[in-house]
1. Restricting to the range 56-73, give me the number of residues that are outside any helix (DSSP H, G or I) and open to solvent by less than 50 Å² (accessible area, probe 1.4 Å).
2. Look at the range 1-23 and say how many of its residues are open to solvent by less than 90 Å² (accessible area, probe 1.4 Å) and of a type in the set (Asp, Glu).
3. Select from the range 24-53 the residues that are touching a strand residue (DSSP E or B) at 6+ places or on another chain (Cβ under 6 Å) and more than 14 Å from LEU11 (Cα to Cα) and write down the one among them that is most open to solvent (accessible area, probe 1.4 Å).
4. Please go through the range 16-49 and pick out each residue that is part of a loop (DSSP other than H, G, I, E, B), aliphatic (A, V, I, L, M) and over 25 Å from the mean Cα position of the chain (by Cα).
5. Look through the range 75-85, keep the residues that are open to solvent by 60 Å² or more (accessible area, probe 1.4 Å) and in a loop (DSSP other than H, G, I, E, B), and return whichever of them is farthest from ARG112 (Cα to Cα).
6. Looking at (1) under 30 Å from MET117 (Cα atoms); (2) charged (D, E, K, R); (3) in contact with a Leu (Cβ under 7 Å, 6 or more places away or on another chain), which one does ASP68 not meet, given that it meets all the others?
7. Hey, can you tell me all the residues within the range 86-113 that are without any contact (Cβ under 8 Å) to a residue 12 or more places away in the chain, open to solvent by less than 90 Å² (accessible area, probe 1.4 Å) and not in a helix (DSSP H, G or I)?
8. Of the residues that sit in the range 16-37 and are among the aliphatic types (A, V, I, L, M) and out of contact with any helix residue (DSSP H, G or I) (no Cβ under 6 Å at 6 or more places or on another chain), which one is nearest to ASP71 (Cα to Cα)?
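The values are calculated or read from the model by the stated rules, or taken from the named source; none is laboratory data. No experiment lies behind these values; they were computed from the predicted model shown. Note that we place each Cβ from the backbone using ideal geometry, even for glycine, and neighbour counts take in every protein chain shown. To get the accessible areas, we keep the full protein, side chains included, count just its heavy atoms, and leave off ligands, DNA and RNA. Shrake-Rupley method; radii C 1.70, N 1.55, O 1.52, S 1.80 Å.
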Amino acid sequence: MASPEALISALADPARLQLFARICAGLPADGAKLVKRLVDAGLVTADGDTYRVVPEVFREALAKAPADPLDGLFRHGRLVTIPHSGKRRQLLLAHLAERFEPGRLYTEQDVREKLSMVHDDHATLRRYLVDEGLLQRSSDGGAYGRPSEARAAG
């Protein structure tokens, strides 16, 4: 079952959208690559050279449980936007804090490397993690860790 995002993505290309409209209207469809994406998304089925629209795919996608609120923040494993505030930002920061093992201390370079894997602005992410108390810097500034671990080092 396709997600609403997958359906929208499949129809976001103007050529695929026009092709989908042609199939909906019962007109011949050509363009194997474009049709394949529609079939993969579950929008149409193929029977030889004949294509049929699958309208129930929309109803099924909407009936799915709500997606993870963090899904829209990532693309190909990279963070594409940092929420300015609110529950979504708190969820994101908690998710990022999980990258740091409890009981382990990290240098600033270690923190930079871990956060750079998800977003280029690692300094902002580090600052937000520290501001929210999810990551704490030792009193000498040389180590980071989960709050209790960082306090013990400084």
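1. Number of matching residues: 1.
2. 1
3. Pass one, the range 24-53, residues touching a strand residue (DSSP E or B) at 6+ places or on another chain (Cβ under 6 Å): 24, 29, 38-39, 44-45, 51-53.
Now restrict to residues that are more than 14 Å from LEU11 (Cα to Cα): 29, 45, 51-52.
Details: ALA29: 27, THR45: 55, TYR51: 61, ARG52: 129 Å².
So, considering only residues that are touching a strand residue (DSSP E or B) at 6+ places or on another chain (Cβ under 6 Å) and more than 14 Å from LEU11 (Cα to Cα), the one most open to solvent (accessible area, probe 1.4 Å) is ARG52.
4. The answer is ALA25, LEU27, ALA29.
5. Selected residue: SER85.
6. Result: ASP68 fails condition (3) only.
7. Within the range 86-113, just GLY86 meets the criteria.
8. In the first step, residues of the range 16-37 are kept if they are among the aliphatic types (A, V, I, L, M); the result is 17, 19, 21, 23, 25, 27, 29, 32, 34-35.
This time we only want the ones that are out of contact with any helix residue (DSSP H, G or I) (no Cβ under 6 Å at 6 or more places or on another chain), so: 21, 23, 25, 27, 32, 35.
Numbers: ALA21: 29, ILE23: 31, ALA25: 34, LEU27: 36, ALA32: 30, VAL35: 26 Å.
The extreme case among them is VAL35.
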